[in-house]
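To start, the structure under review is shown below, and the notes come after it.
The values are calculated or read from the model by the stated rules, or taken from the named source; none is laboratory data. If you're wondering where the values come from, they're calculated on a predicted model, not measured in any experiment. Here Cβ is always computed from backbone atoms with ideal geometry, including for glycine, and neighbour counts include all displayed protein chains.
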Amino acid sequence: MLLYIVPTPIGNLEDITHRALRVLKEVDLILAEDTRTSGKLLQHFGIETPVKSHHMHNEHKQVPMLIEKLKQGASMALISDAGTPGISDPGFLLTRACISAGVEVNCLPGPTAFVPALVVSGLPCDRFAFEGFLPPKKGRQTRLLHLAEEERTMVLYESPHRLVKTLTQLMEYCGENRNISVSRELSKKFEETIRGTLTEVITHFENHPIKGELVLVLEGKSRRNRQ
């Protein structure tokens, strides 16, 4: 009667821990966000544990059934496509339900994209606010207004096709001289981080279209950059 939250590599397969591999081999069932993506990882490490799809479109329906199986004594591991489940990925609903039902939840330490991006940004990381993805439409303006006043360093996720739009909106609300760092393809072959003011970074990405997962680290509001 135990649910393991198991982080998986965000790119480089060497970043998985020995403990994570052991758990994935020993549990009765692995819950995967995308069985095709996770299948490559599991195959690479010779893990033959049964896998079941568990993602944002079916988690509400599945949670009661999974809780019942866990209460009957099953052990499960929850993984996402990359990184730590629950961090802008499925995981919260099942974790909350387990806690309510008295099922033990054990989260292994491991990879998550925002930590290395924050550390290499060169911006203060003693205090920061993790924002994940901004609302695509409803509530987006309200969130941007809030971020413009935030004094802590902020961490956001964004997709490549929305990057310039988001950077432009951040500039409109936070000012053109606010510093930002954009990291992509963390731990992979083409990993890179672009740093500068919002104006400078927008100019860069307008002339250098990109692919890959992105983490934005935005400087907090201070006396220097108050409008």
Total residues in segment 184-218, condition among the β-branched types (Val, Ile, Thr), closer than 24 Å to residue 125 by Cα and part of a helix (DSSP H, G or I): 3
Name the residue that is nearest to the chain's Cα centre (by Cα), counting only residues in segment 1-22 that are under 18 Å from residue 66 (Cα atoms) and not in a strand (DSSP E or B). 6
Can you pull out the residues in segment 181-210 that are within 17 Å of the chain's Cα centre (by Cα) and either under 20 Å from residue 13 (Cα atoms) or exposed (fewer than 15 other Cβ atoms within 10 Å of the Cβ) (or both)? 183, 184, 185, 186, 187, 188, 191
Does segment 172-181 contain at least one residue that is outside any loop (DSSP other than H, G, I, E, B), touching a strand residue (DSSP E or B) at 6+ places or on another chain (Cβ under 8 Å), within 20 Å of residue 162 (Cβ to Cβ) and among the aromatic types (Phe, Trp, Tyr)? no
Please go through (1) in contact with a Phe, Trp or Tyr (Cβ under 7 Å, 6 or more places away or on another chain); (2) modelled with pLDDT of 95 or more; (3) not acidic (Asp, Glu) for residue 102 and return the number of the only condition it doesn't satisfy. (1)
Hey, among the residues in segment 64-94 that are surrounded by fewer than 23 Cβ atoms within 10 Å (Cβ to Cβ) and polar (S, T, N, Q), which one's farthest from residue 22 (Cα to Cα)? 88
Over segment 19-71, the set of residues farther than 22 Å from residue 102 by Cβ, in contact with a helix residue (DSSP H, G or I) (Cβ under 8 Å, 6 or more places away or on another chain) and touching a residue at least 24 places away in the same chain (Cβ under 8 Å) is 24, 30, 32, 41, 44, 45, 47, 49
Residues that are under 20 Å from residue 131 (Cα atoms) and modelled with pLDDT under 95, drawn from segment 187-227: 212, 213, 222
The listed residue being in contact (Cβ under 8 Å) with a residue 12 or more places away in the chain, assigned by TED's automatic domain parsing to the domain that holds residue 141 and farther than 16 Å from residue 150 by Cα, out of 211, 165: 211
Residues of segment 61-78 classified as out of contact with any Leu (no Cβ under 7 Å at 6 or more places or on another chain) and not acidic (Asp, Glu), total: 9
